[in-house]
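*Asks:* Quick one: structure below, then a few questions.
The values are calculated or read from the model by the stated rules, or taken from the named source; none is laboratory data. Bear in mind that the values here come from a model prediction, so they are computed numbers and not experimental data. Here Cβ is always computed from backbone atoms with ideal geometry, including for glycine, and neighbour counts include all displayed protein chains. Heads up: the accessible areas ignore ligands, DNA and RNA and are worked out on the full protein's heavy atoms, side chains in. Shrake-Rupley method; radii C 1.70, N 1.55, O 1.52, S 1.80 Å.
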Amino acid sequence: MKDENSKDVCIINGNGSVCSYAVWVGLVGFFASMGFIVGEYFFEQMSSAKSRKHYVLADLGFSGFWTFMYFVGFCYITSQWNQSKEPQNGIGSGNVTCAILFSFLSVFTWGGCTYFAFLRYKAGVTEIPFQS
C-alpha cells in the first residue's frame with residue numbers, strides 16, 4: 001500500500017515492524033531449514049559421535065525456538081490485522097489472511113521438526129556405523 005507521498009506502507013495496521021518481523025522469521029527459517037537439510041545429507045558421514053550430538057542438539061534447539069518465533073509471529077500479525085482498517089477495495093486483505101494462515105501452519109510444521117529432533121536425540125546419536 002502507498003501513502004500520500006507514494007511511500008510503501010505496511011497494510012497491517014500501518015505498522016512496518018509487523019511486516020518486517022514476518023519477513024525476517026520466514027527468511028531465517030527458510031535458510032536454516034536449507035542448512036539442516038545439508039546437515040542431514042552429511043549426517044552419516046560425520047565420524048564423531050560428539051559432532052552428531054551437537055548437530056542433533058542444534059536441530060532440536062533451533063526447531064523449538066523457531067516454533068516459538070512463528071507462534072509469536074502468528075499472534076502479532078493476527079492482533080495487528082484485527083486492529084487495522086479495511087483496505088481500500090479490499091486489496092491485499094487476502095494476502096494478509098494467507099500470511100496469518102501460513103504462520104499458523106508453520107507453528108505445527110516447526111513443532112513437528114522439534115518432535116522428530118527430540119526423538120532422534122532420545123534414541124541416541126552415539127551409534128556410528130562402521131565404514132568398510
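*Asks:* Roughly how far apart, in whole Å, are the Cα centres of the stretch 45-62 and the stretch 87-107?
*Replies:* Result: 36 Å between the Cα centres.
*Asks:* Taking all protein chains as present, what is the carbon and sulfur share of the accessible area of the stretch 42-82, in % to the nearest whole number, probe 1.4 Å? Mind dumping the intermediate values first?
*Replies:* Numbers: 1490 of 2210 Å².
Reported share for carbon and sulfur atoms: 67 percent.
*Asks:* Under a 1.4 angstrom probe, counting protein chains only, how are R120, R52 ranked by accessible area, largest first? Provide the component values of the computation, followed by the final result.
*Replies:* On the way: R120 75, R52 5 Å².
Highest to lowest solvent-accessible surface, that is R120, R52.
*Asks:* Restricting attention to the chain, give the cysteines that have no other cysteine Cβ less than 4.7 angstrom from their Cβ.
*Replies:* Isolated Cys, the chain: C75, C98, C113.
*Asks:* Okay, helix-only estimate at 222 nm for the chain: each DSSP H run of n ≥ 4 adds -39500 (n - 2.57), divide by all residues, round to 500 deg cm²/dmol; what do you get? It would help to have the intermediate numbers written out before the result.
*Replies:* Working: 3 runs with 94 residues, N = 132.
Rounded to the nearest 500, the figure is -26000 deg cm²/dmol.
*Asks:* Averaged per residue, what accessible surface does the stretch 1-84 expose to a 1.4 Å probe, in Å²? List each step's numbers first, then the result.
*Replies:* Details: 5100 Å² over 84 residues.
So the stretch 1-84 comes to 61 Å² accessible per residue, rounded to a whole number.
*Asks:* Under 19 Å from a label point 7 Å along Cα→Cβ of S51: give me every residue in the stretch 26-42 with its amide N that close.
*Replies:* 35-42
*Asks:* Have a look at the chain and give its Rg and Dmax from the Cα atoms, expressed in angstrom.
*Replies:* For the chain, the Cα-based Rg and Dmax read 19.8, 70 Å.
*Asks:* From Cα pairs below 8 angstrom and at least 6 apart in sequence, can you work out the relative contact order of the chain, rounded to a whole percent?
*Replies:* Details: 99 pairs, mean separation 45.8, N = 132.
Answer for the chain is 35 percent.
*Asks:* Scan the stretch 1-99 for GluC sites (Glu not before Pro) in coil per DSSP, keeping those whose Cβ has at most 12 other Cβ atoms within 10 Å, and list them by number. Numbers along the way, then the final one.
*Replies:* Numbers: sites: E4, E40, E44; in loops: E4, E44.
In loop regions of the stretch 1-99 (DSSP not H, G, I, E or B), the sparsely surrounded GluC sites (Glu not before Pro) are E4, E44.
*Asks:* Still on this structure, I have one more. If the elastic network links every pair of Cα atoms under 10 Å, which of G64, G73, G14 fluctuates the most in the Gaussian network model of the chain?
*Replies:* G14
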